[in-house]
Amino acid sequence: MGQSFGDFDDLLAANREFAATFDLSGFDGIAHAGVAIVTCMDSRLDPLNMVGLKPGDAKIFRNPGGRVTPQALEALVLGAHLLHVERILVVPHTRCAMSASTEQELRDKIGASAGVDADWQFFSVVEDQLAALEEDIQRVRTHPLIPNSVLVGGFMYDVDTGLLEQKL
Ligand SMILES: [Zn+2]
């Protein structure tokens, strides 16, 4: 089974509808609400809506688990200095796949799905979400290029209730 350009037609059709009423042109790329959010790639999360923001308001960085990785720090440094970020939220969530398995279990599952060995693949599993959040918040707060004036909070998002709870 090869792939063809037509494989994305449904999404492109939806995009043309989106563009028909598009009103975000001429927008700059700064965070108009002064907010940056680091959160998980999980499809149950809607990072802007969960805190009452809209496109243009915030910088969003997502990865498996919502971890403060070197690339997340890169985004936050850019955000703090060039994009008007004044508050940073780090938001892992309940029932996250990255804290439901060990790295070996994930490697086994992916290996079985792929039909090839996956033991070389790094997966950023989280054993203790709160301990990881604490580490991540420290990483942001102690980063030499993130000013002390930037406020940093650690939160847990509940995928069953939609509620955010501040932990740090
Ligand atoms: Zn997750």
Checklist outcome for this item: The number of residues in the stretch 1-50 that are farther than 19 Å from Leu89 by Cβ and of a type in the set (A, V, I, L, M) is 8
Next on the checklist: Please pick out the residue among Gly52, Gly34, Gly66 that is under 10 Å from the mean Cα position of the chain (by Cα), without any contact (Cβ under 8 Å) to a residue 60 or more places away in the chain and at positive phi.
Outcome noted: Gly66
Item to check | Qualifying residue in the stretch 148-156 (condition: open to solvent by 60 Å² or more (accessible area, probe 1.4 Å), among the aromatic types (Phe, Trp, Tyr) and either closer than 19 Å to Ile37 by Cβ or without any contact (Cβ under 8 Å) to a residue 12 or more places away in the chain (or both)) | outcome: no
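In the stretch 23-142, which helices (runs of 4 or more DSSP H) lie fully inside it and hold 3 or more residues that are within 16 Å of the ligand (Cβ to nearest atom)?
The helices (runs of 4 or more DSSP H) meeting that bar are 103-114, 129-141.
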Checklist entry - What single numbered condition from (1) open to solvent by 70 Å² or more (accessible area, probe 1.4 Å); (2) away from the ligand (no atom under 16 Å from the Cβ); (3) under 30 Å from Leu164 (Cβ atoms); (4) in a loop (DSSP other than H, G, I, E, B) fails to hold for Phe18? => result (4)
Next on the checklist: For the stretch 1-15, which positions are outside any helix (DSSP H, G or I) and open to solvent by 100 Å² or more (accessible area, probe 1.4 Å)?
Outcome noted: Met1, Gln3
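The values are calculated or read from the model by the stated rules, or taken from the named source; none is laboratory data. From a predicted model like this one, the values you see are computed outputs, not experimental measurements. Neighbour counts run over all protein chains shown; Cβ positions are idealised from the backbone, glycine included. Ligands, DNA and RNA are excluded from the accessible area calculation, which covers all protein heavy atoms including side chains. Shrake-Rupley method; radii C 1.70, N 1.55, O 1.52, S 1.80 Å.
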